[in-house]
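Contents: one structure, followed by commentary.
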Protein chains: 2
Amino acid sequence: MTVAITRFQAKISGYSGDGPGLENCPVRTVIDHIGGKWSTLILLALSEKPYRFGELRRLVPDISQRMLTQTLRDLERDGYALRTVFPTKPPSVEYRLTELGQSLFAALCGLLDWAEANYLAVKEARRSFDERNA
Amino acid sequence: MTVAITRFQAKISGYSGDGPGLENCPVRTVIDHIGGKWSTLILLALSEKPYRFGELRRLVPDISQRMLTQTLRDLERDGYALRTVFPTKPPSVEYRLTELGQSLFAALCGLLDWAEANYLAVKEARRSFDERNA
DNA sequence: CAGGATCCCAAACGATACTG
DNA sequence: CAGTATCGTTTGGGATCCTG
């Protein structure tokens, strides 16, 4: 698979040495930030339609408000989400995906589909591994 | 986008409530484990061809030997990688992707390509955000 | 309603030393 | 060579209280 060799060299190895190259690795730049516990979930929620803060809390009941705030800030900072404040009383804040966020979501869909199709195999592999190493 | 609504409801919401449903969420089961700092990198390396422990260390110079061991164990446990010990002296151990690992890698490729194509936009978004909130 | 501030814990990660 | 063991640090994340 010469293709894959090229892929790896291009995507990783060139940035793995010493010096300031690490921050310029595309894979790390992007993956590191969607690896959080909640990022993909919120991204997935917002891919549906814009939501307000409280609505997101209800959609993902087991997220703390602290982490919801922080996850939304991160998504905003990376250019994936747009935050709009409506100066009503009490205030209301809407979050929606940007074009960049929508395109990231589209790229993520393949992985989400894979997860849905194969997670049982993964769970079984874990069970089997744990049994062998008991 | 009714499609996305369906996707979200199916993939997340049903598992987000109370009870033991969370461990059965496909998205979390898979994403949580490839969200580590090194998993995708090692997966990417092994997608090229089988490697030995020391070769992987050299390919990803900034990984500690402790984390390389642990990442490889996790990949093995999830059924993505196969570990083969050759009882030579000194011993030599080869890691290669399983079918499951290769199919996960294929599903991941879309995201890796996206990262490569868009990471400059992400970096710029971050810079701009940090400037606005200085 | 949508957070900010603070405290605290657990997990992830890194560095170093040692071994079959 | 390919690990294991131990330690210390750093980060991620949860709980709680407070506010415009």
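Counting Cβ atoms of other protein chains within 10 Å of each residue's Cβ and taking the mean over peptide B:40-47 gives 5. For the peptide B:120-130, the mean number of other protein chain Cβ atoms found within 10 angstrom of a residue's Cβ is 5. Taking packing as the residue-averaged number of other Cβ atoms within 10 angstrom, the listed peptides A:92-102, A:31-41 run from highest to lowest as A:31-41, A:92-102. For the peptides B:46-56, A:121-131, residues were scored by their other Cβ atoms within 10 Å and the scores averaged per peptide; the highest-first order is B:46-56, A:121-131. Computed over all pairs of different Cα atoms, the Kirkwood value for the hydrodynamic radius of the range A:39-133 is 15.1 Å. Looking at the range A:39-133, the DSSP beta bridges with both ends there are about 100 percent antiparallel.
Judged by the mean number of other Cβ atoms found within 10 Å, the most tightly packed of the peptides A:64-71, A:110-117 leads the ranking A:110-117, A:64-71. Sorted from shortest to longest, the distances between the B:THR88 label points of this copy and the other copies are 7.0 nm, with each point 7 Å from Cα along the line through the beta carbon.
The rotation axis that maps chain A onto chain B passes nearest to the beta carbon of this chain A residue, listed with its distance in whole angstrom: A:GLY35, 2. Sorted shortest first, the distances from the A:PHE129 label point to those of the same residue in the other copies are 3.2 nm; each point sits 7 Å from Cα along Cα-to-Cβ. Per residue of A:26-38, other chain Cβ atoms within 10 Å of the residue Cβ number 6 on average. Sorted shortest first, the separations between the B:LYS49 label point and its copies elsewhere in the assembly read 5.3 nm; each point sits 7 Å from Cα along the Cα-to-Cβ line.
Read the figures in this text as sums done on the coordinates, not as results from a lab. This structure is a prediction, so every number in the text was calculated from the model and none was measured. In this analysis, Cβ positions are derived from the backbone assuming ideal geometry, glycine residues included, and neighbour counts consider all displayed protein chains.
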